[in-house]
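See structure below.
The values are calculated or read from the model by the stated rules, or taken from the named source; none is laboratory data. From a predicted model like this one, the values you see are computed outputs, not experimental measurements. Here the Cβ is made from the backbone with ideal geometry for all residues, glycine too, and neighbour counts use every protein chain on show. Heads up: the accessible areas ignore ligands, DNA and RNA and are worked out on the full protein's heavy atoms, side chains in. Shrake-Rupley method; radii C 1.70, N 1.55, O 1.52, S 1.80 Å.
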Amino acid sequence: MRRSTKFTFSALLVGASLTFAPISDPVRAQEKSVTADMILNDPGAPVAGNSRGDVTIVAFLDYNCPFCKQSAPALEKLVKTDGNIRLVYKDWPILTPASFHGAQLALAAKYQGKYEQVHHALMGIPGRKINKEKMTEVVRVSGVDIDRLNQDLKQHGAEILELLQRNLAQADALGLQGTPVYLIGPFKVAAALGYDEFKQVVADARARQ
């Protein structure tokens, strides 16, 4: 178990031993002009689950990340079964140019209230290094109004780009190295988690509040 810069927190999880760390480094965050409130409450970031939940999970994800895809069903199940979790999505397309395209499509769908629908469709594509054409086709058959999505992508393209740039700045300020990363209450977990593991970390977060 590695030791974090401030404290070591360990939890016995089924088949795994994970390292948890504080979610913020005040010095780096100040240097990057990023605050905890910006990370937790960015008005442009898609939010799911219970908006008044007692635990917030911030998920930094990439649509070409196989580990993000591995954890996506477990995270969705957790939010639904728990009922008291606020989930903040941070599209962080760092792996391929197609990842950026996927993030744009998902965030454009937010303007018709279907971010999660597109998000789950993109996360459901098997494999890695999915190209733009495949992402576009999956979104097209996901049930969104594709004409409106394209219109929103044009109309709100600058806003979407600014949000992605803020996500990048926040990830940089937190010192994140890759996807997925989950900020769960006071903990940072840089690993693919299963349902029981997510559930345990949420319980630990509640115990510390």
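Filter the range 158-198 for residues that are more than 14 Å from the chain's Cα centre (by Cα) and in a strand (DSSP E or B) and give the result.
The one that is more than 14 Å from the chain's Cα centre (by Cα) and in a strand (DSSP E or B): F187.
Among the residues of the range 145-155, is any of a type in the set (S, T, N, Q), in a loop (DSSP other than H, G, I, E, B) and either surrounded by 14 or more Cβ atoms within 10 Å (Cβ to Cβ) or modelled with pLDDT of 95 or more (or both)?
no
Of (1) farther than 14 Å from K110 by Cα; (2) free of Cβ contacts under 8 Å to residues at least 40 places away in the same chain, R166 satisfies all except one. Which?
Exception for R166: condition (2).
Show the residue pairs that are 6+ apart or on different chains and have beta-carbon atoms under 6 Å apart, the first residue being within the range 77-98 and without any contact (Cβ under 8 Å) to a residue 60 or more places away in the chain, the second being among the β-branched types (V, I, T) and in a strand (DSSP E or B).
As it stands, the answer is V79/I85; R86/T56; L87/I57; V88/V47; V88/V58, since those pairs meet every condition given.
Anything in the range 58-80 that is open to solvent by 40 Å² or more (accessible area, probe 1.4 Å) and closer than 14 Å to E197 by Cβ? List them, or say none.
Selection gives F67, Q70, P73, K77.
Please work out which residue is least open to solvent (accessible area, probe 1.4 Å), limiting yourself to the range 81-100 and to residues that are within 16 Å of the chain's Cα centre (by Cα) and over 19 Å from L183 (Cβ atoms).
Applying the filter and picking the extreme gives S99.
Determine which member of the set N64, N41, N84 is in contact with a helix residue (DSSP H, G or I) (Cβ under 7 Å, 6 or more places away or on another chain), at pLDDT 50 or above and polar (S, T, N, Q).
Result of the check over N64, N41, N84: N64.
Hey, A205 hits all of (1) farther than 30 Å from G83 by Cα; (2) surrounded by 15 or more Cβ atoms within 10 Å (Cβ to Cβ) but one; which does it fall short on?
It is condition (1) that A205 fails.
Pick from the range 35-51 the residues that are over 15 Å from the mean Cα position of the chain (by Cα) and more than 21 Å from D172 (Cα to Cα): which of them is least open to solvent (accessible area, probe 1.4 Å)?
N50
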